[in-house]
Amino acid sequence: MKHKFAAQLYTLRDELTKDFSATLRRLKKMGWEAVQIDGLFGLSANEISAVLKETGLRAAGMHVGLDRMNNELEAVLEEGRAFGTKDFFCHYLEDDMQHVDGYIQAKKELLATAAKVNPFGYRVGYHNHDFEFHTMVEGQIALDYLMAPVGNQFLYPEVDTYWVKYAGRDPLEYIQKFSGRIPILHLKDMTADGRQFYAEVGTGLIDFEPILLWGEKNGVEWYAVEQDECAGSPFDSLDMSLTNLVKMTEKLGL
């Protein structure tokens, strides 16, 4: 199962700015077998693709802003082809869209993008934070509204365990409503010291073993590990998360 763990590159944004290729090489040496793309950092898609091929790292989807989906869709598809992935997720809604009309507009635009690319095998989804749990849209929390199918069209939820917990929900209970619809699940822990801060997977409040068991039974293809901020080196944080996850999978027999 270790091959399903991917490092979300946002965790290493400062290191990538300094040396993108060296950062990916270091991840590979640490034992990661995949990364989730989060921006190009001034490089071309082909340059990044070359580093992926050199290291043998696979791409576990891409994070793409809604504006790029609306205005640069062909470029996004070209990047997906270069990276060997057909998954791209809207990773954030700007503050001026975090309201009822904004969510309605975002869903309309995301479904329009999905309608264009689904016939070619691409999957379009949405990565949550906590704010989508605090606004009601048509009788549902905003995240449920975004994920509700319209006819035979729907978006793929990229559920983030930390943000679900931060919003006061149980991550395992929440993902259970999306069996077969979560190709990529974000694993992120929360400190147990009352600060509710980001933590290395397996060191905080969230019990990941039942989440991994559920994921393996319900179609999760990638587990992307992200830590927005790290107390020390983000490499050390990612190394600890991967070590703990591997121990969990060995204990569970996955």
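The values are calculated or read from the model by the stated rules, or taken from the named source; none is laboratory data. What you see is a predicted model, and the numbers here were worked out from it, not measured in a lab. In this analysis, Cβ positions are derived from the backbone assuming ideal geometry, glycine residues included, and neighbour counts consider all displayed protein chains. Note: areas computed on protein heavy atoms with side chains; ligands, DNA, RNA excluded. Shrake-Rupley method; radii C 1.70, N 1.55, O 1.52, S 1.80 Å.
A few comments on the model shown:
- Of the options [x] 29; [y] 12; [z] 15, only one is percent of Cα pairs over 33 Å apart as computed from these coordinates, and that is [z].
- The phi-based Karplus calculation (6.51 cos²θ - 1.76 cosθ + 1.60; θ = phi - 60°) puts the 3J(HN,Hα) values of region 208-217 at 8, 4, x, 5, 5, 4, 4, x, 6, 9 Hz, whole numbers, x for Gly and Pro.
- Charge dipole magnitude, Cβ of K and R +1, D and E -1 - region 5-235, Cα centre, debye nearest 20: 740 debye
- Converting phi to 3J(HN,Hα) with the Karplus coefficients 6.51, -1.76 and 1.60 and the offset θ = phi - 60°, region 65-79 yields x, 4, 5, 5, 4, 6, 10, 9, 4, 5, 5, 4, 5, 5, 5 Hz in sequence order, with x at every glycine or proline.
- Lysines whose Cα lies under 18 Å from that of Lys4, excluding same-chain neighbours fewer than 8 positions away: Lys28, Lys29, Lys53, Lys86, Lys188, Lys217, Lys247, Lys251
- Distance between the pseudo-spin-label points of Asp14 and Leu254 (7 Å out from Cα toward the beta carbon): 3.1 nm.
- In this structure the amide hydrogen of Ala34, modeled in the peptide plane, comes within under 5 Å of the amide hydrogens of Ala7, Arg58, none closer than 5 places in sequence on its chain.
- For the chain, averaging the sequence separation of C-alpha pairs within contact (under 8 Å, six or more residues apart) and dividing by the residue count gives a relative contact order of 18 percent.
- Neighbourhood net charge (10 Å Cβ-Cβ; Lys/Arg +1, Asp/Glu -1) for Leu40: -3
- Reducing region 67-81 and region 147-212 to their Cα centroids gives an inter-centroid distance of 27 Å.
- Whole-Hz Karplus values for region 145-155 come out as 4, 4, 8, 5, x, 10, x, 9, 9, 7, 9 Hz, taken residue by residue from phi with 6.51 cos²θ - 1.76 cosθ + 1.60 and θ = phi - 60°; glycine and proline positions read x.
- Amide H contacts for Phe89 (H built 1.01 Å from N in the peptide plane; partners 5 or more residues away or on another chain; cut-off under 5 Å): Met62, His63, Val64, Gly125.
- Amide H contacts of Val159 (H built 1.01 Å from N, under 5 Å, at least 5 apart or other chain): His186
- Among the protein heavy atoms, those of Lys2 account for about 80 Å² of accessible surface (1.4 Å probe, every chain in place).
- Among beta bridges from DSSP that stay inside region 5-235, the antiparallel ones total about 20%.
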